[in-house]
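Read through the structure below, which is laid out as structure tokens, and then see the notes.
The values are calculated or read from the model by the stated rules, or taken from the named source; none is laboratory data. Small disclaimer: the values here were computed from a predicted structure and weren't measured. No Cβ is skipped: glycine too gets one built from the backbone with ideal geometry, and neighbour counts run over all protein chains shown. Remember, those area values only see protein heavy atoms, side chains included, never the ligands or the DNA or RNA. Shrake-Rupley method; radii C 1.70, N 1.55, O 1.52, S 1.80 Å.
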Amino acid sequence: MRQTVGDMVRSLAVVLGFVAIILVITLRPHPDPIKRVEVAPVLAVARAQAGFPVLIAGAGTTGFVPTSVRWEPTDATKPDPVWHIGYVTPEEQYVEISESATASERFIPEQTAKGAPLDPVVIDGTTWQRFESESRKSLVRVEPKLTTVVAGTLDWAGLQSVAAGLSASATA
């Protein structure tokens, strides 16, 4: 019965020290899992309403996980809708495909993160304009009444491969 408050505090400190050591050893941060989204419903609506072929990643994109999909106007395209689908690659890079029939001059700067234009590149006989910003690289193809953008954190070869494999017949 000769214990003091100091003895109790020291005992509690020893116990808390052991608990802290166990927590340090056993707790591991878990990365956020990639959340797959359902593409088919939005793709069906976009293909039914769009006056252009709605494209998704096709050949050469095995393992790409769709993480975002939209068929709606953006600030730069209102009231014209934009088809957007974003993927995470097996190497954990991001790539997105955006298409719109908008005539807005703000669409390309919006989709390329205000990227600076670089030399164009020809992919499967079609000329694509390259853009680069701090956050992404982009390939832009402008056709009459349709602009297609393939952008992301991939290197140029990866973006060109995605652009070459775009498909209007693929299903999600």
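Would you please report the Å³ per residue occupied by the convex hull of the alpha carbon atoms in the chain?
On the way: hull volume 33.6 nm³, N = 172.
Considering the Cα atoms of the chain, their hull volume per residue is 195 Å³.
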- For the chain, built as a Gaussian network whose Cα springs stay under 10 Å, the top-fluctuating residue of VAL24, VAL150, VAL39: VAL24
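Based on Cβ point charges of +1 for Lys and Arg and -1 for Asp and Glu, what charge dipole magnitude is obtained for the chain about its Cα centre, in debye rounded to the nearest 20?
Once rounded to the nearest 20, the dipole reads 540 debye.
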- Item | Per residue accessible area in Å² of the chain, where ligands, DNA and RNA are left out and the probe is 1.4 Å | 62 Å²
- Of the accessible area of the chain, computed with a 1.4 Å probe and all protein chains kept, carbon and sulfur make up a percent value of 59 percent
- Message: When a/c reaches 1.5 or more, the comparison of a/b and b/c decides; with that in mind, is region 85-167 rounded, prolate or oblate per its Cα gyration tensor?
- Response: rounded
- Item | Cα→Cβ-extended label distance, 7 Å offset, between VAL37 and SER68, nm | 0.7 nm
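Between VAL15 and GLN49, what is 0.36 nm times their sequence separation minus the Cα-Cα distance? Round to one decimal in nm. Mind dumping the intermediate values first?
Values: separation 34, 0.36 × 34 = 12.24 nm, distance 6.56 nm.
This chain segment gains 5.7 nm when fully extended.
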- Query: Measuring from centroid to centroid over Cα atoms, what is the spacing of region 14-47 and region 101-134 in Å?
  - Reply: 35 Å
